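Novice: Shown below is the structure under consideration.
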Amino acid sequence: MKNLDFNIFQPTKANLQPEAGRVLIAEPFLQGPYFGRSIVLITEHNDKGTVGFVLNKSTELYPDEVIEDLLSFEGELFVGGPVSSNTLSFLHTLGPVVPGAVQVTPTVYWGGDFEFLKRMINEGEASSRSVKFFAGYSGWAPGQLEGEISENSWIVSTLDDELIMTRDVENNWEKAMKRMGDIYKTWTNFPRNPAFN
């Protein structure tokens, strides 16, 4: 099933090139705990490779359980990907007020001064509505992601900033598929394991 050619189904708006701010939406039969039915926000894409974060895989942990001196934080910790799973990263909508933050979309920023962010959270100036923490990240060597896209493992598309930052991620893969048109809506009905078809 993995080798089915889905190119005939792809409308123009989903035939985008990977770049920072766009998302990778897993095709229905891509397997694995990290990337199965995942949405990955690309935060960096250049001749050195690609970096991104899985947006729709949460853990049972909370950032204040693993970050020293972080006071109460209501949002869960998300799984960013399989690379360096013992490191923490964050997306936020606080803008350039966080020193070193990199703008990824019109309102979503990546990283910046971690101690500054922690102070903002502890002083009530930032919360889970504006910050999303990730354990690990997703990474591709130069040319690797393009190879996976050519094999139809990923659809390159865009996603509303609201869906990028939401904590309610349970059905986001289905929502993203449905927003791309009628053919993609049918993909949401495919079984997670093609052997069960």
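The values are calculated or read from the model by the stated rules, or taken from the named source; none is laboratory data. Being a predicted model, the structure only gives us computed values, none of them experimental. Please note: Cβ atoms are built from the backbone with ideal geometry, for glycine as well, and neighbour counts cover all protein chains shown. We work out accessible area using only protein heavy atoms, side chains counted, and drop any ligands, DNA or RNA first. Shrake-Rupley method; radii C 1.70, N 1.55, O 1.52, S 1.80 Å.
Novice: Out of all the residues in region 54-75, which are under 15 Å from Leu117 (Cα atoms) and of a type in the set (Val, Ile, Thr)?
Specialist: If the condition is that a residue be under 15 Å from Leu117 (Cα atoms) and of a type in the set (Val, Ile, Thr), then Ile67 is the only one that fits.
Novice: Check region 107-117 and report whether any residue there is among the aromatic types (Phe, Trp, Tyr), under 19 Å from Tyr137 (Cβ atoms) and more than 17 Å from the chain's Cα centre (by Cα).
Specialist: Yes, there is a match, as at least one residue in region 107-117 is among the aromatic types (Phe, Trp, Tyr), under 19 Å from Tyr137 (Cβ atoms) and more than 17 Å from the chain's Cα centre (by Cα).
Novice: So, one more: Return only the number of the condition from (1) closer than 16 Å to Ser38 by Cα; (2) of a type outside the set (Phe, Trp, Tyr); (3) in contact with a Lys or Arg (Cβ under 7 Å, 6 or more places away or on another chain) that Leu91 does not satisfy.
Specialist: (1)
Novice: Please specify each residue of region 143-158 satisfying the condition of being closer than 17 Å to Val104 by Cβ, open to solvent by less than 20 Å² (accessible area, probe 1.4 Å) and modelled with pLDDT under 95.
Specialist: Those that are closer than 17 Å to Val104 by Cβ, open to solvent by less than 20 Å² (accessible area, probe 1.4 Å) and modelled with pLDDT under 95: Val156, Ser157.
Novice: Mind checking whether some residue in region 10-28 is at pLDDT below 90, assigned to a helix (DSSP H, G or I) and of a type in the set (Val, Ile, Thr)?
Specialist: Yes - at least one qualifying residue is present in region 10-28.
Novice: From Asp161, Asp113, Asp168, which residue is exposed (fewer than 13 other Cβ atoms within 10 Å of the Cβ) and of a type in the set (Asp, Glu)?
Specialist: Selected residue: Asp168, the only one of Asp161, Asp113, Asp168 that is exposed (fewer than 13 other Cβ atoms within 10 Å of the Cβ) and of a type in the set (Asp, Glu).
Novice: Next question. For the structure I just gave you, tell me whether Trp140 is touching a Ser or Thr at 6+ places or on another chain (Cβ under 8 Å) and open to solvent by 50 Å² or more (accessible area, probe 1.4 Å).
Specialist: Here the answer is no, as Trp140 does not meet what is asked.
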